[in-house]
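Below is one structure; the comments refer to it alone.
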Amino acid sequence: MKEVKAVLYGVGAVGSLIAKSLLEKEGLKIVGAVDVAKDKVGKDLGEVLGLKGKLGITISNDVDKLFSATKADIAIHATSSYLRDTYHQIASLIKHGVNVISTCEELSYPYHSEPKLAKELDALAKKHDVTVLGTGINPGFLMDTLVITLTAVCQKIEKIEAVRVMNAATRRLPFQKKIGAGLTVEEFKQKIESGQISGHVGLEQSIAMTADALAWKLEKIRAEPVEPVIAKEPVESEAIKVEAGKVAGLRQIARGFMNKKEVIVLDFQAYIGAKEEYDAITITGVPTIRQKIQPCVHGDMGTVAMVVNSIPKVLNAPAGLLTMKDLPVPSAVTEHMRKYISS
Ligand SMILES: NC(=O)c1ccc[n+]([C@@H]2O[C@H](COP(=O)([O-])OP(=O)(O)OC[C@H]3O[C@@H](n4cnc5c(N)ncnc54)[C@H](OP(=O)(O)O)[C@@H]3O)[C@@H](O)[C@H]2O)c1
């Protein structure tokens, strides 16, 4: 069976984990890699991944050259969180006729924050007959796709609540930095104000995707200000030590309103030292559903799985910009990749 040819676009913390998972998959071959980081460009992918041997794939910073020389089926894109920053990167892949799966949070449901760019990407993808998907663990699954799937057993729904609590010590270093772990409260506030710390990106996208699946016309989606979680006692990860009174991470809540009532509430908490880790969903309705995954799904492992497992779904899908709610029920790829691909 012919192998699926994949190119990595962004070989940072997440891109590297995805690459390692792809190397273990039967029926898929990595044929190229793109990054802009000076310490990666020109190096062999195996070296950047910390493998013993070379893979014979040199990391390039020239997208056009690489994609002209490589006939890839799919690009795995993992560079940044906002569509404004990633739009041209994704558009260049589409123009080379390559399907795209991206971890860009805003792309998971871009119609909320970037409707114009979303329309343009959709038109471009259709023109070049490729499929584009934004996915990951959150946004991409735990607070949207899983929630939407659970609503399938409800006859009526009054309210949806999802809470994710995770111990950030188990996550990659860029994530721990992104949530402000180790800062003083003052530094945290300054970095939030200056945009150096974005907090978690994607809660509004998850709310909008869920509402869209239910055909709920929300009056507004409101993300509350990001709050620091302050360590009551010293806590630490392998890389960051947090003294008592300093910031261990953050909490962020977003709410969706319909008919002047709060109908979707998402509560995201990520901090070093969280004692109980879980993903909980409550759907108040007929019947009321209470689901809890304990401990919470590991964010990095879950992201890698969501991206890799989405490859056949994307290759089977019609052209255009799709979101997780447009694809068939998500499932794992455990066999030869081609067994899941229809043509
Ligand atoms: N949806 C989800 O559930 C989910 C889960 C995990 C991660 N994410 C998102 O996925 C993205 C990647 O995460 P990460 O932790 O891997 O970040 P990271 O470690 O910073 O890696 C990003 C890599 O992409 C490179 N890059 C930046 N701009 C580029 C460009 N224009 N062309 C090629 N390469 C470029 C970066 O180089 P420099 O270092 O030189 O900038 C870096 O090597 C983040 O936005 C993260 O928030 C989403």
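The values are calculated or read from the model by the stated rules, or taken from the named source; none is laboratory data. Quick caveat, the model's predicted, so the values are computed rather than measured. Quick reminder, even Gly has a Cβ in these numbers, built from the backbone with ideal geometry, and neighbours come from all protein chains shown. Accessible surface is based on the protein model in full, side chains and every heavy atom, while ligands, DNA and RNA are left aside. Shrake-Rupley method; radii C 1.70, N 1.55, O 1.52, S 1.80 Å.
Can you find, among Ala162, Leu183, Val242, the residue sitting farthest towards the positive end of the charge dipole of region 145-296, where Lys and Arg contribute +1 and Asp and Glu -1 at Cβ?
It is Ala162.
Given the C-alpha atoms of the chain, compute the convex hull and give its volume per residue in Å³. Walk me through the intermediate numbers first.
Working: hull volume 49.3 nm³, N = 343.
Cα-based convex hull of the chain, divided per residue, equals 144 Å³.
Can you pull a Stokes-Einstein diffusion coefficient for region 145-296 at 37 °C (0.692 mPa s), Rh from Kirkwood over Cα pairs, as a whole number of µm²/s?
Details: Rh = 16.3 Å.
Here the translational diffusion coefficient equals 201 µm²/s.
Nothing charged except the Cβ atoms of Lys and Arg (+1) and of Asp and Glu (-1): what's the magnitude of the dipole of region 234-310 about its Cα centre? Round to the nearest 20 debye. Let's see the in-between values first.
Details: 9 positive and 9 negative charges, 91 e Å.
So the dipole magnitude of region 234-310 works out to roughly 440 debye.
Distance between Cα centroids, region 329-343 to region 48-73: provide it in whole Å.
Spelled out, the Cα-based centre of one part sits 24 Å from the other.
Whole angstrom only: what separates the Cα centroid of region 148-179 from the Cα centroid of region 209-264?
That distance is 10 Å.
Could you work out the local net charge near Thr323, counting Lys and Arg as +1, Asp and Glu as -1, over the other residues with Cβ closer than 10 Å to its Cβ?
On the way: positive: Lys325; negative: Asp144, Asp212, Asp326.
Charge balance in the 10 Å sphere: -2.
Heavy atoms only, 1.4 Å probe, whole protein assembly: order Tyr271, Tyr87 by accessible area, highest first.
Numbers: Tyr271 50, Tyr87 25 Å².
Final ranking, largest accessible area leading: Tyr271, Tyr87.
Scattering from the C-alpha atoms of region 1-153 alone, worked out with Debye: what is log10 I(q)/I(0) at q = 0.13 1/Å?
Each listed q corresponds, in turn, to -0.61.
What number comes out for accessible area per residue over the chain if the probe is 1.4 Å? Units Å², please.
Accessible surface, normalised per residue, equals 46 Å².
Can you order the peptides 233-240, 129-136, 21-28 by their average number of other Cβ atoms within 10 Å per residue, highest first?
Details: 233-240: 15.1, 129-136: 25.2, 21-28: 16.9.
Taking the mean over residues of other Cβ atoms within 10 Å, the ranking is 129-136, 21-28, 233-240.
Leaving ligands, DNA and RNA out of it, report the carbon-plus-sulfur percent of the accessible area of region 1-148 at a 1.4 Å probe.
Summing carbon and sulfur atoms, their accessible area is 50 percent of the total for region 1-148.
With +1 on the Cβ of every Lys and Arg and -1 on the Cβ of every Asp and Glu, and nothing else charged, how large is the dipole of the chain about its Cα centre, in debye rounded to the nearest 20?
480 debye
So how exposed is Glu224, as accessible area in Å² (1.4 Å probe, rounded to 10)?
50 Å²
Once both labels are modelled 7 Å past Cα along the beta-carbon direction, what's the Glu262-Ser81 spacing in nm?
Roughly 2.2 nm, to one decimal.
How high is the relative contact order of the chain, in percent, with contacts defined as C-alpha pairs under 8 Å that are six or more residues apart?
Rounded, it is 20 percent for the chain.
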